[in-house]
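Below: one structure, written as structure tokens.
The values are calculated or read from the model by the stated rules, or taken from the named source; none is laboratory data. Treat the numbers as computed from the prediction; the structure is a model and nothing was measured. Here the Cβ positions follow ideal geometry from the backbone for every residue, glycine too, while neighbour counts run over all protein chains shown. What goes into the accessible areas is simple: the full protein's heavy atoms, side chains included, and nothing from ligands, DNA or RNA. Shrake-Rupley method; radii C 1.70, N 1.55, O 1.52, S 1.80 Å.
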Amino acid sequence: MDQQNEEAGSQYQTNSFNDNGSGGFIGGGLSNLAINYYSPWDIWWNRGPEYYDMQPSYVISNGIDEESSSPYTIRVHAWIGLAYFDGDNDGLFYDISPTRFGNPPLLVADMTANPFAYQNLYVNNEEVGNLVRTTTSLDFLPQEGARIEDLRDHLPMPNGTAPRYASTPPPYNWAAWAGGFDCTGTLTPQEELLLRDYGKVFFYEVDVFEGAAFVGTYYLHPDIQTLYDGSVSKWEKVPDASGTTHLQGNFPPIGNFPLYYYTDTANPTTATKYDPNNGGSGDFCNSYEVVFDARNLYKHTITGGSVPKTITMDFLQSNTTFWWHSALTLTVQ
């Protein structure tokens, strides 16, 4: 399976990066890959006709090559929520990106006007950090994998505009979940529309089986080293509704985790800019992406079965297009 996120005519994706190490060509036929925090989400490039066929992709691999074959079946549920924070936790969800066209931010959702319309996403007067579990699982037999994306929707969901996905032999029955992360029966219509344009997968919940025997459940969040290693200063604390306390995001199976978002407070309305040909000089990221500080959940060892395997949630980038073709990955190997 090609995990460079280039199948089916995909163009450059909508991604964010660490602009202290964004990746690019540095001359003499040499290149540097982006370093940790090369993410598939950036609010400047997430919506509108000009970004069709440029949406994030999700790669799931259950031991699809001979060197990392898996004896396990995995059943995957995603925990999804709003990927971006506008800087003001007031229940008014703005898209900051229209400012690049000289316009004011776009009010996308007034959650305060009708809280019942956003009853899953607007909880305790907090507009981010509330997650919803998919109602339909994504099931993978040993040596199965997939890349999932939609031509227009930022978060692939059932009945999307033009879902696109690829799987590895043996064929997987995609019709069982209709091509996306399915929360049927949980989300309100307003929440589903909002997540299609501004949502992402924060966590995976993975049940592991060997044959008919249950092996264990694992919860995963990607490791974002720049959040805690001091290499960048753009991670800002998401405040609670009072504006005085660091907001804790709610992940129901485990508990609460601190929430951060990635922005340059000195240049809040400056759009992300990237040129792979300048060796990183002048690259600038202002993604407004929200993450949980769940740094210890990115990797687990599957025990209790016949073969120890590692299950990991991470980002994947191309060695020729760098963070432009990054994807969120879930891998058993």
Sequence order, the stretch 114-131: Karplus ³J(HN,Hα) from phi using 6.51 cos²θ - 1.76 cosθ + 1.60, θ = phi - 60°, Hz rounded, Gly and Pro as x, gives 8, x, 5, 6, 10, 5, 8, 9, 10, 10, 6, 6, 10, 8, 9, x, 9, 10
Check: in the chain the Lys pairs 8 or more apart or on separate chains whose Cα atoms fall under 20 Å apart number 4
Taking H as built 1.01 Å from N, whose amide H comes closer than 5 Å to the amide H of GLU144, not counting residues under 5 places away?
-> ASN62
Dipole magnitude of the stretch 227-333 about its Cα centre, charges +1 at Lys/Arg Cβ and -1 at Asp/Glu Cβ only, in debye to the nearest 20?
-> 300 debye
The stretch 197-209 - phi-based ³J(HN,Hα) in whole Hz, Karplus 6.51/-1.76/1.60, Gly and Pro as x | 8, 9, x, 7, 7, 8, 10, 10, 10, 10, 8, 10, 10
Take every DSSP beta bridge with both residues inside the chain and express the antiparallel ones as a percent of the total, to the nearest 5.
-> 90 percent
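Can you give the accessible area per residue of the chain, in Å², using a 1.4 Å probe?
Heavy-atom SASA per residue in the chain reads 40 Å².
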Give, rounded to the nearest 20 debye, the magnitude of the charge dipole that the chain has about its Cα centre when Lys and Arg contribute +1 at Cβ and Asp and Glu contribute -1 at Cβ.
-> 200 debye
Signed unit charges on C-beta, dipole axis of the chain, positive-most listed residue PHE17, LEU131, ALA83 = LEU131
For the pair LEU141 and ASN103, how long in nm is the line joining their label points, each one 7 Å along Cα→Cβ?
-> 4.9 nm
Describe numerically, in nm with one decimal, the distance between label points set 7 Å from Cα along Cα→Cβ at ASP110 and at GLU50.
-> 2.8 nm
Please work out the C-alpha center-to-center distance from the stretch 12-41 to the stretch 284-304 and express it in whole Å.
-> 18 Å
For GLN190 and GLU236, FRET efficiency with R0 = 45 Å and r from the beta-carbon atoms, rounded to 0.05?
-> 0.95
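How large, in percent, is the carbon and sulfur part of the accessible surface of the stretch 42-332 at a probe radius of 1.4 Å?
49 percent
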Could you check the simple spin-label distance between ASN32 and ASP275, using points 7 Å along Cα→Cβ, in nm with one decimal?
-> 1.7 nm
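I need the semi-axes of the equivalent ellipsoid of the stretch 42-332: take the C-alpha gyration tensor, multiply each eigenvalue by 5, square-root it, list largest first in whole angstrom. Mind dumping the intermediate values first?
Numbers: eigenvalues 190, 94, 78 Å².
Listed largest to smallest, the semi-axes of the stretch 42-332 are 31, 22, 20 Å.
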